[in-house]
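Right, one structure below, let's go through it.
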């Protein structure tokens, strides 16, 4: 036999042997089946996992920082992961599995694809891990033990009411910059806005609706296309601040930044300064840091006492408006700047 | 893989239909192994072959020389089946043949060594030798599982190389590790191994140094020793005059002369090739 | 038959550089193309087994195998195509389309699950045939062709799924995601299937004439054509079989995630190419062993899993993968030059 064949045979045998040994003989330590925690009292350190949609969206970066801060305060270990892109279900599935293998007591997750992640979350809960959804519920919602999120309908309603009061009496042409078809967060904010504004879906004053994926560049493109379609747009609803900032760029390029009103949701510090500079008129502020810290605390409670969190916890929303309007409850820019999230 | 055993160097042969050359002629006529009559090939307005003839006698090395555009490569493509002429006929051992592709020519026992060798450099020598003609193991392994019999191919390859006295030890070497002359040896060994009637070589010494050219010419003689006649295109005049038994001069799409290296100066042959001197064949 | 060696004195062509006895075994070992990737894989496993006591457990290793099975299966097809000096950018999108086809047909179309699976695989094979035909008959570069079919497949995925994830799958579709016991751990059926596919592909490439022609066509297609092989038919066959493999990957994806996800498959094309390159297969075609792609895929999976277990930020996984890819290509180039 040639030496090349024997060397190949040797490597093949070595790999097979290694795999078999690894799979069979080492099955004792901490396998992923039935990983019910041994963490009663404070015997081992508690590990919590946080899985966000992406690593890059500042919203999730803030959430991660908040979780890290709370974990340091509570003395728990935090593992983090994210998908490769908004909508990457497969990456989040892998992260859930790896974290369970790492021995987490609980997983905090902002689902990229609420429907797709549900079976994986069910399986995780079956293995004794507590699952808390942050910001976005999975579909069905009971695939997670609990949800800590903004009441997105309220967030939309607040800016809808403000926009209505701001444009009172004048006929409006509205552009709706949405998230993506079928995603709960986007649908709730959209419907909330319409309810706050007092119109129904399909109202003739809505002249354009486009999806932005919550992304600044796509928001700009969507706004440009809407302006082409209806140059006399006077009011813009935006699903979040990045999309709103993109829309502002488009309006500025068209010379319409002073004449068109933008309302949006998020409450990041970047967004609040844009608000202060007059790019938008109203912003519903969310509290991702609160979502993250509540989540970490809940897992710690579960690890220490076995009590699982449940149901939906509203992490709160506040309307920030530099120029308030009589009759609409809002907070001023100073409040916004001291409570905003992000750097 | 039998081959004819006559040696051209002893036989002052003339082909049956050709007109007499300047050299002394004999009355003997031997049937050519490969014969082309009146091949015509046009590409639009360009006539590559204009009624071209060729005879290849048993056991000889016939060199085909000609300037650029004389139609050498078209002639060789017609002989190797890569090109179907518009008119004219090809005879192999006296029988008319038509080739619709290189595979037909190979089936008829004509093997070609192409100018760029047509070897796969990353594959080993044995694989290249048996490319397209791989041998499988006997029995179920070969028929159902299509398993290759690599040991057999390697030992047979070694045998073929040894017959041509090419000194490469391991058939498992990748062809790219060989020198230019050795690669040429692999390509030549491949054709010699499978050819039954004719071996055609296209510019075998192009891009080779002096020493390796000598090696390849030795190889070509070895092929002839094994009883296979060789048609050789080359513009390397010294090589041609070193190894060829007869030289076919091509000009403007037809054969204008057939000369013997011993009876003519290289410069005269070149003159016929470029048209400075007339050929030794009647037109028509 | 004459013996292998001994040229006669006068007529010998100079012998090839003699492989000396001592260096020949080492030399042969070094030339095993998968030594690099296997070494890197073992090193990574060694490192992580020290860095985390949870790494070298049966359950965790089985998990890695399962996480790699989709990209691994894609890499089988990608390896074959890259060996022919082609490339396939469309495999992730085609896989996603296949997964939507099979899940929609099974759930909404009411087809029996086996038929839905066959339809999904068939659709992927069809894409492969289209790729192969455009490359060979219309003679377009594979990069361009598969870039086009990538977009077509992605659009078809969005159109047929209407952006909705398909849930409520019949259990047959997710069967390959189930596990069976092996010693003390559980192994996923799907990961075994991936290993079987690699084994079959390895056999065909190493021990059959078709496999040898595949290597040759990536090395010098003219040589193969002149050797009498129908190169066009061969390439179309390779692309079509690769397409069918993408269909199998689709089934594995469905089995693993439990849903038909129209957003899937966006990065898998590059992931499969990464696995192939890390495995020592040359992007120029004609060289490399398909087992290398398995090692490459495992290497990426080990690093991702290991970094997660040790709590390192996942961004470093991407950084390390990038460095490894460059190192792999550099080693390949170095080895090529040494060969000449």
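The values are calculated or read from the model by the stated rules, or taken from the named source; none is laboratory data. None of the values given here were measured: they were computed from a predicted structure. Cβ atoms come from the backbone with ideal geometry, glycine included; neighbour counts cover every protein chain shown.
Could you say which residue among C:228, C:311 is free of Cβ contacts under 8 Å to residues at least 60 places away in the same chain, within 8 Å of another protein chain (Cβ to nearest Cβ) and farther than 30 Å from residue A:102 by Cα? Spell out the reasoning first.
Details: C:311 fails: farther than 30 Å from residue A:102 by Cα.
On inspection, the qualifying residue turns out to be C:228.
Select from the stretch A:178-196 the residues that are away from chain C (no Cβ under 13 Å) and without any contact (Cβ under 8 Å) to a residue 40 or more places away in the chain and write down the one among them that is surrounded by the fewest Cβ atoms within 10 Å (Cβ to Cβ).
A:191
Restrict the check to the stretch C:21-44 and report whether at least one residue is out of contact with any helix residue (DSSP H, G or I) (no Cβ under 8 Å at 6 or more places or on another chain), at pLDDT below 90 and within 8 Å of another protein chain (Cβ to nearest Cβ).
Within the stretch C:21-44, not a single residue is out of contact with any helix residue (DSSP H, G or I) (no Cβ under 8 Å at 6 or more places or on another chain), at pLDDT below 90 and within 8 Å of another protein chain (Cβ to nearest Cβ).
Of all the strands (runs of 3 or more DSSP E) wholly in the stretch B:57-156, which have at least 3 residues that are touching a helix residue (DSSP H, G or I) at 6+ places or on another chain (Cβ under 6 Å) and within 13 Å of chain C (Cβ to nearest Cβ)? Walk me through how you get there before you give the answer.
Values: elements: B:61-66, B:87-92, B:95-97, B:110-113.
Hits in the stretch B:57-156: B:110-113.
Residues are listed down the side, and each one gets a yes or a no for (1) touching a helix residue (DSSP H, G or I) at 6+ places or on another chain (Cβ under 6 Å); (2) surrounded by fewer than 22 Cβ atoms within 10 Å (Cβ to Cβ); (3) within 14 Å of chain C (Cβ to nearest Cβ); (4) under 24 Å from residue C:313 (Cα atoms):
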{"residue": "A:50", "(1), (2), (3), (4)": "yes, no, yes, yes"}
{"residue": "A:121", "(1), (2), (3), (4)": "yes, no, yes, yes"}
{"residue": "A:132", "(1), (2), (3), (4)": "yes, no, no, yes"}
{"residue": "A:147", "(1), (2), (3), (4)": "no, no, no, no"}
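Residue C:263 - would you say it is outside any helix (DSSP H, G or I) and either within 8 Å of another protein chain (Cβ to nearest Cβ) or in contact with a strand residue (DSSP E or B) (Cβ under 9 Å, 6 or more places away or on another chain) (or both)? Steps first, please.
Numbers: outside any helix (DSSP H, G or I): yes; either within 8 Å of another protein chain (Cβ to nearest Cβ) or in contact with a strand residue (DSSP E or B) (Cβ under 9 Å, 6 or more places away or on another chain) (or both): yes.
In short, yes.
How about the stretch C:141-154: which of its residues are part of a helix (DSSP H, G or I) and away from every other protein chain (no Cβ under 14 Å)?
As a first pass, look at the stretch C:141-154 and keep what is part of a helix (DSSP H, G or I): C:142-154.
Selection gives C:142, C:143, C:144, C:145, C:146, C:147, C:148, C:149, C:150, C:151, C:152, C:153.
Can you tell me which condition residue B:188 does not meet? The list is (1) within 9 Å of another protein chain (Cβ to nearest Cβ); (2) modelled with pLDDT of 90 or more, and all the others hold.
The number of the failed condition is (1).
Table: residues versus (1) touching a helix residue (DSSP H, G or I) at 6+ places or on another chain (Cβ under 9 Å); (2) part of a strand (DSSP E or B); (3) at pLDDT below 95.
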residue: C:169; (1), (2), (3): yes, no, yes
residue: C:176; (1), (2), (3): yes, no, yes
residue: C:187; (1), (2), (3): yes, yes, yes
residue: C:198; (1), (2), (3): yes, no, no
residue: C:202; (1), (2), (3): yes, no, no
residue: C:205; (1), (2), (3): yes, no, no
residue: C:215; (1), (2), (3): yes, no, no
residue: C:218; (1), (2), (3): yes, no, no
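For the stretch C:281-317, which residues satisfy the criterion of being under 26 Å from residue C:142 (Cβ atoms) and surrounded by fewer than 20 Cβ atoms within 10 Å (Cβ to Cβ)?
Within the stretch C:281-317, C:283, C:284 qualify.
Yes/no per residue for (1) touching a helix residue (DSSP H, G or I) at 6+ places or on another chain (Cβ under 6 Å); (2) at pLDDT below 95:
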{"position": "A:62", "(1), (2)": "yes, yes"}
{"position": "A:76", "(1), (2)": "yes, yes"}
{"position": "A:83", "(1), (2)": "yes, yes"}
{"position": "A:106", "(1), (2)": "yes, no"}
{"position": "A:112", "(1), (2)": "yes, yes"}
{"position": "A:115", "(1), (2)": "no, yes"}
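Which residue pairs have Cβ atoms closer than 7 Å, lie 6 or more positions apart in sequence or on different chains, and pair a first residue in the stretch C:171-184 that is surrounded by 15 or more Cβ atoms within 10 Å (Cβ to Cβ) with a second residue that is in a strand (DSSP E or B)?
C:177/C:188; C:179/C:186; C:179/C:187; C:179/C:188
Only one of (1) more than 13 Å from chain A (Cβ to nearest Cβ); (2) within 30 Å of residue C:104 (Cα to Cα) fails for residue C:257. Which number is that?
Failing condition for residue C:257: (1).
Looking at the stretch A:291-320, which of its residues are within 22 Å of residue A:58 (Cβ to Cβ) and in contact with a strand residue (DSSP E or B) (Cβ under 9 Å, 6 or more places away or on another chain)?
Of the residues in the stretch A:291-320, the ones within 22 Å of residue A:58 (Cβ to Cβ) are A:291-296, A:315-320.
Correct list: A:291, A:292, A:294, A:295, A:296, A:315, A:316, A:317, A:318, A:319, A:320.
Would you mind telling me which numbered condition in (1) buried (at least 22 other Cβ atoms within 10 Å of the Cβ); (2) touching a residue at least 40 places away in the same chain (Cβ under 8 Å); (3) away from chain C (no Cβ under 12 Å); (4) not in a helix (DSSP H, G or I) residue B:227 fails?
(1)
With respect to residue A:155, determine if the residue is farther than 30 Å from residue A:66 by Cα and buried (at least 24 other Cβ atoms within 10 Å of the Cβ). Spell out the reasoning first.
Numbers: farther than 30 Å from residue A:66 by Cα: no; buried (at least 24 other Cβ atoms within 10 Å of the Cβ): yes.
When the stated conditions are applied, residue A:155 does not pass them.
Going by what's in this entry, would residue C:157 be described as at pLDDT 95 or above and away from every other protein chain (no Cβ under 14 Å)? Give the derivation first.
On the way: at pLDDT 95 or above: yes; away from every other protein chain (no Cβ under 14 Å): no.
Taking the combined requirement at face value, the residue does not satisfy it.
So that you can scan it fast, the table gives a plain yes or no per residue for (1) assigned to a helix (DSSP H, G or I); (2) touching a residue at least 24 places away in the same chain (Cβ under 8 Å); (3) buried (at least 21 other Cβ atoms within 10 Å of the Cβ):
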site	(1), (2), (3)
B:185	yes, yes, yes
B:190	yes, yes, yes
B:220	yes, yes, yes
B:232	no, yes, yes
B:262	yes, no, no
B:270	yes, yes, no
B:276	no, no, no
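Applying the selection to the stretch B:165-181, what residues are closer than 16 Å to residue B:213 by Cα and either within 7 Å of chain C (Cβ to nearest Cβ) or assigned to a loop (DSSP other than H, G, I, E, B) (or both)?
In the first step, residues of the stretch B:165-181 are kept if they are closer than 16 Å to residue B:213 by Cα; the result is B:165-167, B:178-181.
Once the filter is applied, which keeps residues that are closer than 16 Å to residue B:213 by Cα and either within 7 Å of chain C (Cβ to nearest Cβ) or assigned to a loop (DSSP other than H, G, I, E, B) (or both), the stretch B:165-181 yields B:165, B:166, B:167, B:178, B:179, B:181.
Check whether at least one residue in the stretch A:177-197 is in a strand (DSSP E or B) and closer than 22 Å to residue A:256 by Cβ, and report yes or no.
If we filter the stretch A:177-197 for residues that are in a strand (DSSP E or B), which is where we start, we get A:177-178.
Among the residues that remain, those that are also closer than 22 Å to residue A:256 by Cβ are: A:177-178.
The answer is yes; a qualifying residue exists.
With assigned to a loop (DSSP other than H, G, I, E, B) and in contact with a strand residue (DSSP E or B) (Cβ under 8 Å, 6 or more places away or on another chain) as the only criterion, which of C:280, C:288, C:311 stands out? Give the derivation first.
On the way: C:280 fails: in contact with a strand residue (DSSP E or B) (Cβ under 8 Å, 6 or more places away or on another chain); C:288 fails: in contact with a strand residue (DSSP E or B) (Cβ under 8 Å, 6 or more places away or on another chain).
The conditions single out C:311.
Going through B:276, B:207, B:187, B:192 one at a time, which residue ends up being in contact with a helix residue (DSSP H, G or I) (Cβ under 9 Å, 6 or more places away or on another chain) and on the phi > 0 side of the Ramachandran plot?
Numbers: B:276 fails: on the phi > 0 side of the Ramachandran plot; B:187 fails: on the phi > 0 side of the Ramachandran plot; B:192 fails: on the phi > 0 side of the Ramachandran plot.
Going through B:276, B:207, B:187, B:192 in turn, the sole match is B:207.
Which ones in the stretch A:158-171 are surrounded by 20 or more Cβ atoms within 10 Å (Cβ to Cβ) and touching a strand residue (DSSP E or B) at 6+ places or on another chain (Cβ under 7 Å)?
A:158, A:159, A:162, A:163
Quick check on my filter: what residues within the stretch C:45-70 are in contact with a strand residue (DSSP E or B) (Cβ under 8 Å, 6 or more places away or on another chain) and either more than 15 Å from residue A:98 (Cβ to Cβ) or more than 7 Å from chain A (Cβ to nearest Cβ) (or both)?
Residues satisfying the conditions are C:58, C:65, C:66, C:69.
Is it the case, given these coordinates, that residue A:170 is at pLDDT below 95 and closer than 24 Å to residue A:329 by Cβ? First the steps, then the outcome.
Working: at pLDDT below 95: yes; closer than 24 Å to residue A:329 by Cβ: yes.
So residue A:170 fits the description; yes.
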